[in-house]
Amino acid sequence: MFKINENYLKLPGSYLFSTIGKKVNAYAAAHPDKKIIRLGIGDVTQPLAPAVITALHGAVDEMARAETFRGYAPDLGYEFLRNAIAENDYKARGCDISPDEIFVSDGAKCDSGNIQEIFSVDNKIAVCDPVYPVYVDTNVMAGRTGVYDAGSETWSDVIYMPCRLENNFAPQLPKQTPDLIYLCFPNNPTGSTITKAQLQEWVDYANKVGAVIIYDAAYEAYISEEDVPHSIFECEGARACAIELHSFSKNAGFTGVRLGYTVIPKDLKCGDVSLHALWARRHGTKYNGAPYIVQRAGEAVYSEEGKAQLKQQVAYYMKNADYILKGLKDAGYTVSGGINAPYIWLKAPNGMNSWEFFDYLLENANVVGTPGSGFGPSGETYFRLTAFGSYENTIEAVDRIKSL
């Protein structure tokens, strides 16, 4: 008789955003006359940049001719894209990353979930709390997290690093020693950031205790302040302790196109075993590569036209963030984020918990956000709004909230 992976049965409830979708759909069905404004899931709304569209069209035309047709992509991704990434995202920032240390994929979500496969199930993970749910849930699926305590909403074998108002929503070095450390800056969900000096402390700590930092830089395009690092590889010693995940979803609007990449330096080793080699083996075995047309679109992101167009798109979303941040402050809410990230993190008012505030906003303002408790126990009583809506809808949503 076949058996299942019983670790899946340990997962509490459904995926956070699936639960939100079900609640919103039920409300919409019961109130078809209501205009619901969705500022919950971090999905973009602006169309792809003209330079990207031109590249997509050109690549599609190539696929229609025998002499330019492309089949399976190279395991690591096409060299033209990896060269563009290495030049623009790393060399331009003084980071020592070569094209053959870059693995092109279909997005950071998949990579952030899959990367744990190259590590032993005996490794202990440390996560920020609150945290992007994928980091924890995929480790649950692998059998790495121990026993779930429904009362505290924590896992026995996970090290939680609380990110609260009193520490500016930035984690402190853990008292227990982890093997794998998940960091995401600018942070999802809180929108917080840390300075280069603070990130250097994490790199030094990881090298001291023999841990690996899995660094999610999906939102680095939204950084506006000078002393906030765009890459962990800006820090000395990071090549020996860090893996970096990048996405084209938020900086270029590729949520419906799918493209990302992971950087694993060849210096990163466990004894004599190269993690780069392990990931290359996993990547080549389980993945057939992002489509050629999508990788050509990714290359266009780094063209002069693409850079200028996407800078405007990021500015559009950050204009939304500024309106949400200032509007909610004016209304008396305790808010943070929205400066180096497209997320605004607010305290639920009047003693409400996260899901109570979700229901209150949905029913009274017809606005959808994300309950902070869905990101971890330290997210309870908090709430996330995204700046990825249209400017018109953002203004209307904030004005509705202010009128409550």
Condition check for residue 237: closer than 30 Å to residue 383 by Cβ, touching a helix residue (DSSP H, G or I) at 6+ places or on another chain (Cβ under 7 Å) and not charged (D, E, K, R): no
Pick out the one residue from 120, 156, 105, 152 that is at pLDDT 95 or above and closer than 26 Å to residue 382 by Cβ. 156
Considering each of 52, 24, 60 in turn, give the residue that is under 18 Å from residue 249 (Cβ atoms) and either in the same structural domain as residue 385 (by TED's automatic domain parsing) or at pLDDT 95 or above (or both). 52
Note on residue 156: of the conditions (1) within 30 Å of residue 6 (Cβ to Cβ); (2) among the hydroxyl-bearing types (Ser, Thr, Tyr); (3) touching a residue at least 12 places away in the same chain (Cβ under 8 Å), unmet is (3)
Of the conditions (1) closer than 30 Å to residue 277 by Cβ; (2) at pLDDT 95 or above, residue 67 satisfies every one except a single condition; which number is it? (1)
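Matching residues to (1) surrounded by 17 or more Cβ atoms within 10 Å (Cβ to Cβ); (2) in contact with a Pro (Cβ under 8 Å, 6 or more places away or on another chain):
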| residue | (1), (2) |
| --- | --- |
| 216 | yes, no |
| 220 | yes, yes |
| 236 | no, no |
| 239 | yes, yes |
| 247 | yes, no |
| 256 | no, no |
| 300 | yes, no |
Before we move on, is residue 112 in the same structural domain as residue 297 (by TED's automatic domain parsing), hydroxyl-bearing (Ser, Thr, Tyr) and farther than 17 Å from residue 16 by Cβ? no
For the stretch 222-233, which positions are out of contact with any His (no Cβ under 9 Å at 6 or more places or on another chain) and either surrounded by 23 or more Cβ atoms within 10 Å (Cβ to Cβ) or in contact (Cβ under 8 Å) with a residue 12 or more places away in the chain (or both)? 222, 224, 225, 227, 228, 229, 230, 232, 233
Of 319, 326, 311, the only residue that is touching a residue at least 60 places away in the same chain (Cβ under 8 Å) and basic (Lys, Arg) is 319
Where residues in the stretch 118-168 are in a loop (DSSP other than H, G, I, E, B) and among the aliphatic types (A, V, I, L, M), which of them is nearest to residue 198 (Cα to Cα)? 131
Looking at the stretch 103-117, is at least one residue in contact with a strand residue (DSSP E or B) (Cβ under 9 Å, 6 or more places away or on another chain), in a loop (DSSP other than H, G, I, E, B) and more than 26 Å from residue 164 (Cβ to Cβ)? yes
Failed item, numbered, when residue 55 is tested on (1) under 21 Å from the mean Cα position of the chain (by Cα); (2) more than 30 Å from residue 165 (Cβ to Cβ); (3) among the aliphatic types (A, V, I, L, M): (1)
Examine the stretch 250-258 for a residue that is among the charged types (D, E, K, R) and farther than 23 Å from residue 388 by Cα, and state whether such a residue exists. no
From the option list 96, 157, single residue qualifying as over 19 Å from the mean Cα position of the chain (by Cα), in the same structural domain as residue 258 (by TED's automatic domain parsing) and farther than 24 Å from residue 237 by Cα is 157
For the stretch 243-275, name all the residues that are under 23 Å from residue 123 (Cβ atoms) and in a helix (DSSP H, G or I). 275
Is there a residue in the stretch 333-347 that is out of contact with any Pro (no Cβ under 8 Å at 6 or more places or on another chain) and free of Cβ contacts under 8 Å to residues at least 12 places away in the same chain? no
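The values are calculated or read from the model by the stated rules, or taken from the named source; none is laboratory data. Since the model is a prediction, treat every value here as computed from it, not as a measurement. Counting neighbours? That spans all protein chains shown, and the Cβs are built from the backbone with ideal geometry, glycine included.
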